[in-house]
Amino acid sequence: MKRRTCNRIVRSRTGAEVDRMIRAGKNVVVQYASPNCGACAETNPHIDRAATHLCDLDVEVVRVNTDMHDQFASAHGVEELPTIEVFRGGKRVGRTVGADKADAFVQLIRKALGGK
């Protein structure tokens, strides 16, 4: 079954913005990445594509530049890039490290958020 797609955009956010979203209990997918990271550059289009396949979920997909927000990444235990985390109700409910394809990210996010 093919899922409906939309024009959901992955937005760059500061660590403080993402912290506020998490504390507010929003569903958030965070991609920790660096402009100098080859695996991150490889992963970016897959996260972008995954976001367009999550239109039926109440979730915001964001990218945090770890070069600019290293304390935020450190506070979340990010040691390798790219790291993708899923938050629901203020808690981390999913995490993966390393490059992957859009379908794998969609599965991770849906499972973490209790979606199909």
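In region 78-110, which residue that is of a type in the set (Lys, Arg) and more than 16 Å from ALA51 (Cβ to Cβ) is surrounded by the most Cβ atoms within 10 Å (Cβ to Cβ)? Outline the logic, then answer.
Restricting attention to region 78-110, the residues satisfying the condition of being of a type in the set (Lys, Arg) are 88, 91-92, 95, 101, 110.
Among the residues that remain, those that are also more than 16 Å from ALA51 (Cβ to Cβ) are: 88, 91-92, 95.
Working: ARG88: 18, LYS91: 9, ARG92: 15, ARG95: 16.
Residue satisfying both the conditions and the ranking: ARG88.
Name the single residue, out of those in region 49-64 being over 17 Å from ARG110 (Cβ atoms) and not basic (Lys, Arg), that is surrounded by the fewest Cβ atoms within 10 Å (Cβ to Cβ). My answer is VAL62.
GLY15 meets the stated requirement of being buried (at least 19 other Cβ atoms within 10 Å of the Cβ) and small (Gly, Ala, Ser). Look at region 13-28: where a residue is touching a residue at least 40 places away in the same chain (Cβ under 8 Å) and among the hydroxyl-bearing types (Ser, Thr, Tyr) and a partner is surrounded by 15 or more Cβ atoms within 10 Å (Cβ to Cβ) and not in a helix (DSSP H, G or I), sitting 6+ places away or on another chain with Cβ atoms under 8 Å, you get THR14/VAL64; THR14/HIS69.
Computed from the coordinates by the stated procedures, all read-outs in this text should not be read as laboratory data. Being a predicted model, the structure only gives us computed values, none of them experimental. Ideal geometry is used to build each Cβ from the backbone, glycine not excepted, and the neighbour counts take in all protein chains shown.
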